[in-house]
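Comments concern the structure below.
The values are calculated or read from the model by the stated rules, or taken from the named source; none is laboratory data. Keep in mind it's a predicted model, so treat the numbers as computed, not measured. Reconstructed Cβ throughout: ideal geometry from the backbone, glycine too, with neighbour counts over all protein chains shown.
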Amino acid sequence: MIPKYIILHHSLTVDSKTKSAEAIKRYHIETMGWKDIGYHHLIELVDKEYKIFKGREDNVAGAHTRGMNINSLGICCVGNYDKRFMDEDMFDLLADLVFCLCLKYMIPIDNIRRHNDYAPYKTCPGKYFPFDKLIKTIYNKIVKADLLDLDTNEFIIDFMSRKINKISQE
Ligand SMILES: [Zn+2]
């Protein structure tokens, strides 16, 4: 799969401040009967720090948005954003991740979408999810990167190797 869209989700669950990514993975495999966790990336608070966890490989279709799994990356922000606002630290990490994925796969900013753009009966990624702010931030990053003539690939490789964690195998 070559990703052409990025689709944003929340987990609905409360972020327990411990690793939820593994529990979500178990739920998707054992309860839902899927072959792997449905998302490609998850962001959550572990101890006092927000971290990115890798789910499915980016070139493998996910299981997160009906009708869009064949050409999109699913990103899950752990927490319930129908009930609370997103912390600044999570927002910053999410913006970095989405920006990198846009550059890596040449995904246009218009193709950053919310789950409920495809499933209007759902509120996912939550009514308080800072979508407009995210789009504005990504736009500013793209403008800034152009001005700085950044070596895009090195930037992505560095970002990926520093910030993305693996979900451990059970
Ligand atoms: Zn969703």
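Numbers for the structure displayed
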quantity: Extreme residue, surrounded by the most Cβ atoms within 10 Å (Cβ to Cβ), among residues of segment 46-74 that are in contact with a helix residue (DSSP H, G or I) (Cβ under 7 Å, 6 or more places away or on another chain) and outside any loop (DSSP other than H, G, I, E, B); calculated: Leu73
quantity: Qualifying positions in segment 24-41 - in contact (Cβ under 8 Å) with a residue 40 or more places away in the chain and of a type outside the set (D, E, K, R); calculated: Ile24, Ile37, His41
quantity: Residue list for segment 21-33, restricted to those being in contact with a Gly (Cβ under 9 Å, 6 or more places away or on another chain) and either modelled with pLDDT under 90 or surrounded by 14 or more Cβ atoms within 10 Å (Cβ to Cβ) (or both); calculated: Ala21, Ile24, Lys25, His28
quantity: Of all residues making up segment 118-130, the number that are surrounded by fewer than 18 Cβ atoms within 10 Å (Cβ to Cβ) and either touching a residue at least 60 places away in the same chain (Cβ under 8 Å) or in contact with a Ser or Thr (Cβ under 9 Å, 6 or more places away or on another chain) (or both); calculated: 2
quantity: Matching residues, segment 1-30, being outside any loop (DSSP other than H, G, I, E, B), of a type in the set (Val, Ile, Thr) and within 16 Å of the ligand (Cβ to nearest atom); calculated: Ile6, Ile7, Ile24
quantity: Odd one out for Leu94 among (1) buried (at least 17 other Cβ atoms within 10 Å of the Cβ); (2) within 13 Å of the ligand (Cβ to nearest atom); calculated: (2)
